[in-house]
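Submitted below is the structure of interest, expressed as structure tokens.
Just so you know, all these numbers are worked out from the coordinates, no wet-lab data involved. Keep in mind that what you see is a predicted model, and the values were worked out from it rather than measured. Reconstructed Cβ throughout: ideal geometry from the backbone, glycine too, with neighbour counts over all protein chains shown.
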Amino acid sequence: METAAAQELKIKTFKELKRTHTCGELAKKDEGITAILNGWVAVTRDHGGVIFIDLRDRYGVTQVVFKPEVVSPEVMQKAHSLRSEWVVSVKGKLEARPKGMENPKLTTGEIELLAESVEILNESKTPPFEISDETQASEDVRLFYRFLDLRRPTMQEKFKVRHVAALSVRNYLHSRGFYEIETPLLMRSTPEGARDYIVPSRTNRGKFYALPQSPQLLKQILMISGFDRYFQLARCLRDEDLRADRQPEFTQIDMEMAFVTQEDVWEVIEGMMAALFKDTLNLKLTLPFPRLTYREAMNCYGTDKPDTRFGWELADLTAFGAKTTFKVFAETAKKGGAIKGLTIPKPPEFTRSQLDLLEETAKQYGAKGLANFSHEGGELKSPLLKFFDEKERKEIVNLLGLKEGHISFIVADRWEVACTVLGRLRNDLAKRFKVIPENKWSHLWIYEFPVFEYNAGENRFDAMHNIVTCPYEEDLPKLDEGFSTPLPLNDPAHPWGHIRGYQYDLVLNGSEIASGGIRIHKRQIQEKVLQILGIDKERAERMFGFLLRALDYGAPPHGGIAPGFDRIVALLVGSDNIRDVIAFPKTSAGLSLMDGSPAEVDARQLEELGIRLMDEGNSKGKK
Ligand code: ASP
């Protein structure tokens, strides 16, 4: 027999301590075996000298018991010393838990490991927050200690879903004939709307790469190269002012296909979404997804990403308004504007002051005012009632679908304003009055977007989505008409504002989860579009010369799409925060709190690049 001192001296190799099983796999059927488990101490409890620890790893939690009648006082002492998040190796015998002590919430809830020995593989400082599903820790603290935050079982589960989703996408697209091809992270700066992140070249001083906002032009070139079907889980980088659900770098399921119509692209994506939902949530989606044109979506829901899990469709009173003597309505209609209405069941708490508040919100959203009609106690009520005769009142009730106990909100304004203001109120009120059913998945295609959208600030047309979107064939003549028309750019009748494009979005529960289009594959059309966007020949050549050149050499008709992978995973795991499904995200200020980036670099690094910081220069100048 070895003495205790000899045992003490004996240093065990990790090979001897290595786990035989994970903390999530042992069950009643394994009763009686001897197992070694490795993991983190999640919880320790001392029940009258008997010590229980919950040992955790990625696979689950197993209860370990130290009993003084089974192990030596030294082992008991070691067990006593264990603290949260220490890493241990425990050897013991698997036993069934005593009757009544089972935990049905755990897959390992019927068994426990009766410890024979324990080794401490590593100690841990007391963590700044408890490693549990619920946490009170602020997001900044969680991001600073991201290594601990990610240890929480709920986070581990999210990344499991993310992994399964990625695998599902790869398997599905492979089965549909796609090749996964990587495109470079260092490329030419071709600002596509957002600002590029630029990277200075050391070996070519004064020159810069850009990090891709998306592989858009490169995937088109892959089609020109004849690959026919391409995809990539592509990292995209955009130097934008961040909004709550945006990240400077994010992942898209980037895809492109040759010789396709938009319906072909939709069919592939519908299959991919069905596979994704099956593989991650074991849910069967109903295909095909419903489709609405951009105009229909705006008219019906006041947004191009409608949440169709609930009704509350907008009504149109424009034609009616045009016939009335009520000035606001009649003039709005005459000027080509719209009169739109949103009807909802009137919540009892909707008092006068609540209505005033809502009108304030509508004004913040861009409306000049917010009128209302309601039906209470068998009567139509409205501050506008006096402007309409009996027949007109009936028509209003009909058009709005206004029933007893309902209230309608009306905005008369430019079409976009009237629609979007009510669209936003529709979303706000549905959230506030909790009418959105949970556990419902409403996919919807929005298509037929305008190619161009007028930018009043700059007095020019911008691409509504993508500079490469192919106009509808029958709208192509409007490209030239726009150059010769006497109408000013800001005239609502300007031909460029009426060009429909093969551009589509996939919307899920009110979030845009994919955007794509059929692309221009003819150089002359691409050049014309760039010209309309105010990019002259010389700049077009400088920025997009490589694409234009490739279009000269037998570019096939092609189109694609890019579902936002982070957003989709966030929806799948029921999170409204995409940072939850990105292992190392940035804050909304663009900071990575864990590694402290962005950060200064050594003066020598800057010197090698031939870069001098302006502030530094200024302060030197002042000295
Ligand atoms: N490149 C586009 C984007 O990043 C998507 C696409 O049209 O495929 O939004």
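To the nearest 0.05, what FRET efficiency results for L283 and Q77 with a Förster distance of 41 Å applied to their C-beta separation? Don't skip to the answer; put the middle values down first.
Working: r = 51 Å, r/R0 = 1.25.
It comes out at approximately 0.20.
Looking at the square roots a ≥ b ≥ c of the eigenvalues of the Cα gyration tensor of region 444-494, which shape do they give, rounded for a/c under 1.5, prolate if a/b is larger than b/c, or oblate? Intermediate results must be reported in sequence, preceding the final value.
On the way: a/c = 2.11, a/b = 1.33, b/c = 1.59.
Verdict is oblate for region 444-494.
Turning to a different aspect of this structure: How high is the relative contact order of region 297-414? Use alpha-carbon pairs under 8 Å, at least six apart in sequence, and give a whole percent.
30
Classify region 190-259 as rounded, prolate or oblate from the Cα gyration tensor: take a ≥ b ≥ c as the square roots of its eigenvalues, call it rounded if a/c is under 1.5, otherwise prolate when a/b beats b/c and oblate if not.
Values: a/c = 2.67, a/b = 1.29, b/c = 2.08.
Oblate, because a/c is 1.5 or more while a/b does not exceed b/c.
Still on this model: Count neighbours as other Cβ atoms within 10 Å of each site's Cβ, and list the trypsin sites (Lys or Arg not before Pro) in region 56-152 that are DSSP loop with at most 11 such neighbours. Intermediate results must be reported in sequence, preceding the final value.
Values: sites: R56, R58, K78, R83, K91, K93, K99, K105, K125, R142, R146, R151; in loops: R58, R83, K99, K105, K125, R151.
Qualifying residues, ordered by number: K99, K105, K125.
Distance from the Cα centre of region 318-369 to that of region 112-158, in angstrom?
53
List the residue ranges in the chain for DSSP H helices whose C-alpha atoms run 20 angstrom or more along the long axis and whose Kyte-Doolittle average is -0.5 or above. Mind dumping the intermediate values first?
On the way: long enough: 153-175 (33 Å, -0.45); 262-281 (28 Å, 0.19); 415-432 (26 Å, -0.22).
Counting only whole DSSP H runs, the qualifying helices are 153-175, 262-281, 415-432.
Simple spin-label model, 7 Å along Cα-to-Cβ: F546 to L591 in nm?
3.6
Quick check on my link table: of K363/K440; K29/K67; K219/K586; K368/K537; K12/K105; K29/K440, which ones sit more than 30 Å apart, alpha carbon to alpha carbon?
From K363/K440; K29/K67; K219/K586; K368/K537; K12/K105; K29/K440, over 30 Å: K363/K440; K368/K537; K12/K105; K29/K440.
Loop only by DSSP, 13 or fewer other Cβ within 10 Å of the Cβ. Give me the trypsin sites (Lys or Arg not before Pro) in region 343-392 that pass, ordered by residue number. Kindly include the intermediate steps, with their values, before the conclusion.
Values: sites: R352, K363, K368, K381, K386, K391; in loops: K368.
Answer by residue number: K368.
Can you give me the relative contact order of region 1-104 as a percent, contacts being Cα pairs under 8 Å and 6 or more apart? Spell out each step's value before the answer.
Working: 154 pairs, mean separation 31.0, N = 104.
It rounds to 30 percent for region 1-104.
Among all the aspartates and glutamates, which ones have a C-alpha under 17 Å from K284's C-alpha, if same-chain residues fewer than 8 places away are not counted?
Of all the aspartates and glutamates, those that pass the test against K284 - Cα under 17 Å, at least 8 places apart if same chain - are E267, E270, E438.
For region 444-474 and region 218-274, what is the centre-to-centre distance using only Cα atoms, to the nearest Å?
Cα centroid of region 444-474 versus Cα centroid of region 218-274: 19 Å apart.
Which of the aspartates and glutamates could a cross-linker bridge to K381, judged by Cα under 19 Å and excluding same-chain residues fewer than eight apart?
Those aspartates and glutamates meeting the cut-off are E349, D356, E359, D389, E390, E392, E395, E404.
What does the charge count near I561 come to, summing +1 for each Lys or Arg and -1 for each Asp or Glu among other residues with Cβ under 14 Å from its Cβ? Let's see the in-between values first.
On the way: positive: R176, K219, R229, R519, R567; negative: D254, E256, E263, D264, E267, E270, D505, E512.
Spelling it out: positives minus negatives among the neighbours equals -3.
What's the longest piece of the chain with no exposed chymotrypsin sites (Phe, Trp or Tyr not before Pro), counting a site as exposed if DSSP puts it in a loop and it has at most 13 other beta carbons within 10 Å? Don't skip to the end; give the middle numbers.
Numbers: sites that count: F259, F433, Y553.
Longest site-free region, per DSSP loop and neighbour criteria: 1-258.
Further, regarding this structure: What shape does region 71-194 take by its C-alpha gyration tensor, where a ≥ b ≥ c are the square roots of the eigenvalues and a/c under 1.5 counts as rounded, a/b above b/c as prolate, and the rest as oblate? Mind dumping the intermediate values first?
Details: a/c = 2.75, a/b = 1.89, b/c = 1.46.
It comes out prolate by the Cα gyration axes.
Return the calculated 222 nm mean residue ellipticity for the chain, to the nearest 500 deg cm²/dmol, obtained by summing -39500 (n - 2.57) across DSSP H runs with n ≥ 4 and dividing by the residue count.
Numbers: 20 runs with 202 residues, N = 623.
So the calculated ellipticity at 222 nm is -9500 deg cm²/dmol.
Between exposed GluC sites (Glu not before Pro) in the chain, where DSSP calls loop and at most 10 other Cβ atoms lie within 10 Å, what's the longest gap? Display every interim value, and only then the final one.
On the way: sites that count: E2, E69, E134, E182, E349, E438, E458, E600.
Longest stretch, sites excluded: 183-348.
What's the FRET efficiency of K386 with K363 using the Cβ-Cβ distance as r and R₀ = 22 Å, to the nearest 0.05?
On the way: r = 23 Å, r/R0 = 1.05.
For K386 and K363, the calculated efficiency is 0.40.
What number, in percent, do you get for the relative contact order of the chain if the mean sequence gap of Cα pairs under 8 Å and at least 6 apart is divided by its residue count?
Details: 1111 pairs, mean separation 77.8, N = 623.
The normalised contact order for the chain reaches 12 percent.
Rounded to the nearest Å, what's the spacing between the alpha carbon centres of region 36-99 and region 275-296? Just the number, please.
First find each Cα centre; the distance between them is then 47 Å.
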